[in-house]
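The values are calculated or read from the model by the stated rules, or taken from the named source; none is laboratory data. Everything quoted here is computed from the prediction, not taken from an experiment. Ideal geometry is used to build each Cβ from the backbone, glycine not excepted, and the neighbour counts take in all protein chains shown. The protein model used for the area step is the full one, side chains on, heavy atoms only, and it has no ligands, DNA or RNA in it. Shrake-Rupley method; radii C 1.70, N 1.55, O 1.52, S 1.80 Å.
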Amino acid sequence: MYLCAHKQNKEKMKKIIGALSLVLLIGCSLSGNRKNDACNHSEWYGYVNICLPTIDGMKECRLHPRVQAFTQKYRESGPLLGYYLNDKTYQRIDSLGTFSFDNYFMLYGDYNRENYEATATDLPLMQQQLEQSLVGTNWQERGRQVEDVYNTLMIGQPAIIEKYSPCSDVLTMIVLMKYRQENGQESTVISAANCILVKKRLLNMAYYMAYDGGKTIDLLKERNDGAVQKLMQLNQ
């Protein structure tokens, strides 16, 4: 009788283990599907596919003809992987380039780096080079390049007001700049310039907002850091 009870208990244990294994397999399958579903949009950077994050209140529109035309000169130096406009600007996307706008993200690369297998030691050097291009001795030449591409003139030297790391493999600079439009109107812009190491590739992500006091910086950092963290999580 003991042997029969032992055998029955053993059979029950096998069924329980089998059921638990099935639950674990289903759980892993669902988890994998959720991860794949999260990468709804992606872009190739050299031989690496980069998943593009969804940013609340914004539309990714890099392939729109007006965006392609607006960023044509800029894309001569590197591929544009993502271009995000807020909902208000997106409603006027068919006339992009005929009016000034802010509150947008750009995710972009460099043709010279797209197939370079980078490591964490390359990230500080990348940020140093970006900083030099912004506030180095050749900032006036940089201003002329901006004017050629965006029909604006950079007035005075940009100011880097903060440097920090919002998450692993990301270095961020908060930069304050002043521009003059073609119509003579001046505007002050605050931006988050991110240097990113993802999938052994070096990328830049920039977020621009019109400057309206210190509260703008807090809002910029909050939105920027959230978007950067989504990008990194999608591409783990």
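For the stretch 186-236: of the residues being among the hydroxyl-bearing types (S, T, Y) and touching a residue at least 24 places away in the same chain (Cβ under 8 Å), which is farthest from M126 (Cα to Cα)?
Step one: of the stretch 186-236, the residues among the hydroxyl-bearing types (S, T, Y) are 187-188, 191, 207-208, 211, 216.
Adding the requirement that they be touching a residue at least 24 places away in the same chain (Cβ under 8 Å) leaves 187, 191, 207-208, 211, 216.
Working: S187: 28, S191: 17, Y207: 18, Y208: 20, Y211: 26, T216: 26 Å.
Out of the qualifying residues, it is S187.
Identify all residues within the stretch 162-209 that are among the aromatic types (F, W, Y), under 17 Å from the mean Cα position of the chain (by Cα) and within 18 Å of D102 (Cα to Cα); write none if there are none. Walk me through how you get there before you give the answer.
Quick first cut of the stretch 162-209, residues among the aromatic types (F, W, Y) only: 164, 179, 207-208.
Then keep just the ones that are under 17 Å from the mean Cα position of the chain (by Cα); that gives 164, 207-208.
Matches in the stretch 162-209: Y207, Y208.
Pairs, please: C-beta under 7 Å, at least 6 apart or cross-chain, first residue under 12 Å from D225 (Cβ atoms) and of a type in the set (F, W, Y) and in the stretch 163-178, second open to solvent by less than 40 Å² (accessible area, probe 1.4 Å) and assigned to a strand (DSSP E or B)?
Y164/T172
Show the residue pairs that are 6+ apart or on different chains and have beta-carbon atoms under 7 Å apart, the first residue being within the stretch 61-75 and closer than 12 Å to G97 by Cβ, the second being part of a helix (DSSP H, G or I) and open to solvent by 50 Å² or more (accessible area, probe 1.4 Å).
R66/D94; K73/D148
Yes or no: the stretch 187-203 includes at least one residue that is farther than 19 Å from Q132 by Cβ and among the hydroxyl-bearing types (S, T, Y).
Yes: the stretch 187-203 contains one or more residues that are farther than 19 Å from Q132 by Cβ and among the hydroxyl-bearing types (S, T, Y).
What number of residues in the stretch 51-78 are closer than 14 Å to D110 by Cα and within 16 Å of the chain's Cα centre (by Cα)? So that I can check it myself, show each step before the final result.
At the first step, the residues of the stretch 51-78 found to be closer than 14 Å to D110 by Cα are 73-78.
Now narrow it down to the ones that are within 16 Å of the chain's Cα centre (by Cα): 78.
Selection size over the stretch 51-78: 1.
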